[in-house]
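Visitor: Input: one structure, supplied below.
The values are calculated or read from the model by the stated rules, or taken from the named source; none is laboratory data. As the structure is a computational prediction, the values presented were derived from the model and not from experiment. Virtual Cβ from ideal backbone geometry, glycine too; neighbours counted across all protein chains shown. SASA here: full protein model, heavy atoms, side chains in, ligands and nucleic acids out. Shrake-Rupley method; radii C 1.70, N 1.55, O 1.52, S 1.80 Å.
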Amino acid sequence: MPFQLQILAVLIAIIFFVSTVHLTRKGHAEVRQMNKWLLLGIVMIVGALFPPIGNAVAKLLGITTLTSLALFLLTGILLFFSLVTQITLINTEKQLRILTQELSLLKKKMNETEED
């Protein structure tokens, strides 16, 4: 990896990691939701600082370039994150629906007791 590209990769990885920490500290995101992004930021920093490790892993998997490996892995990771987020959203919608139904039943009972 050319030195200029390595510097750019390190800067992007550090900016990503610092942005993730900043969002968490400001309360825009919860730590439990940001753990995976923090881990991804650390992996990006390590990968940018030590490209021979990425090259060795790429060769081991039969992938010709580090860029192809990074593109493949990051696409897979983002698809996985998207799936996990979708499952969490579906579960939250189910809980909200149940909570709304329970609240409606309680309001109905309160109205019935007030009428009596």
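Visitor: In this structure, does Ala9 turn out to be aliphatic (A, V, I, L, M) and not in a loop (DSSP other than H, G, I, E, B)?
Guide: Yes; evaluated as a whole, the condition is true for this residue.
Visitor: Given the residues Leu96, Leu103, Leu66, which is the only one that is within 30 Å of Met1 (Cβ to Cβ) and out of contact with any strand residue (DSSP E or B) (no Cβ under 7 Å at 6 or more places or on another chain)?
Guide: Of the residues listed, the single one that is within 30 Å of Met1 (Cβ to Cβ) and out of contact with any strand residue (DSSP E or B) (no Cβ under 7 Å at 6 or more places or on another chain) is Leu66.
Visitor: May I pose another question? Of all residues in the range 1-18, count the ones that are surrounded by fewer than 15 Cβ atoms within 10 Å (Cβ to Cβ) and either within 13 Å of the chain's Cα centre (by Cα) or closer than 16 Å to Thr85 by Cβ (or both).
Guide: Residues meeting the conditions: 0.
Visitor: Scan the range 19-61 for residues that are over 17 Å from Leu73 (Cα atoms), crowded, with 16+ Cβ neighbours inside 10 Å and touching a residue at least 24 places away in the same chain (Cβ under 8 Å) and jot them down.
Guide: The answer is none; no residue qualifies.
Visitor: Still on this structure, please answer the following. What is the number of the single condition among (1) modelled with pLDDT under 90; (2) within 23 Å of Ile7 (Cα to Cα); (3) open to solvent by 80 Å² or more (accessible area, probe 1.4 Å) that Phe72 does not meet?
Guide: (1)
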